[in-house]
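Q: Structure in structure tokens, see below.
The values are calculated or read from the model by the stated rules, or taken from the named source; none is laboratory data. This is a predicted model, so every value here is computed, not measured. Here Cβ is always computed from backbone atoms with ideal geometry, including for glycine, and neighbour counts include all displayed protein chains. Protein only, heavy atoms only, side chains kept; ligands, DNA and RNA dropped before computing areas. Shrake-Rupley method; radii C 1.70, N 1.55, O 1.52, S 1.80 Å.
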Amino acid sequence: MRRIKWTTKMRLIRNGILIVLLLLLVWIAAGTPALTAKGAFRRAMQENLTPQVQPEVVIRHDRVTAILGKDRDVWYQVAVNRKWLIFWQHYSEMTETEDTEDVCIVPLLMKEMLLYGGRSGGIYYDKWRVPDMAVRAQGASAALSVTVDGYERALDFEGIQDGWFCFSFVRDPVGPNNYNTFVEDYRRYMDGELGIPADPHGCFTFESYDESGNVLQKGSREF
């Protein structure tokens, strides 16, 4: 029987086919997860029976990503993270935030998922650098503060992602107990089913500025 002589081109084709088959087996073994972060969001929307919602805003952190998509006057938010480094999975929790015309203030799921998400596991100790709030507004810079029972504290600005200003809470060891209770109990200010109406309440105040430092937009939201 004549032996097949493999050319370089044939070897490349063979190796390419083997790599594709291997990746397919790995994908099936992982439970056929999404291949992209936005793909994981779309799967979450399908499970929520809102497949028309498409991913529009992506806010990233090194361990978790929050994705938002709008349908009519509601922003849907899902947190996703990597699975096996090359795939993406979504958490079951989801929030719905009613949109506003100008300034829209949205509490993010990112820290909630890092702390309590079963898939991430454990406590994320550098949690205070993870964005807590995202604000859609115009401007070159912005500031966001929260007032709890008369005590006001500015949030740290974490940059702009996808056109949204991102902020994180500041822990204050010498601040009032109600303030620390508010910023540490993440489920208290979540939208939708995650939110737990309870004391203390907080009010967020937002301002954005143009390049000259003039106030461009203002907004507020109470929880």
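Q: Residue check, Val146 against (1) under 30 Å from Ser92 (Cα atoms); (2) surrounded by fewer than 16 Cβ atoms within 10 Å (Cβ to Cβ); (3) at pLDDT 95 or above, all met but one. Which one?
A: All conditions are met except number (2).
Q: Consider the stretch 171-192. How many of its residues are in contact (Cβ under 8 Å) with a residue 40 or more places away in the chain and surrounded by fewer than 16 Cβ atoms within 10 Å (Cβ to Cβ)?
A: The qualifying residues number 3.
Q: How do the pairs read when you match residues in the stretch 29-52 that are free of Cβ contacts under 8 Å to residues at least 12 places away in the same chain with residues anywhere that are open to solvent by less than 50 Å² (accessible area, probe 1.4 Å), using Cβ under 8 Å and keeping only pairs 6 or more apart or on different chains?
A: Cβ pairs passing all conditions: Pro51/Met45.
Q: What are the residues in the stretch 161-192 that are assigned to a helix (DSSP H, G or I), within 28 Å of Gln138 (Cβ to Cβ) and among the β-branched types (Val, Ile, Thr), if any?
A: Passing the criteria: only Val183.
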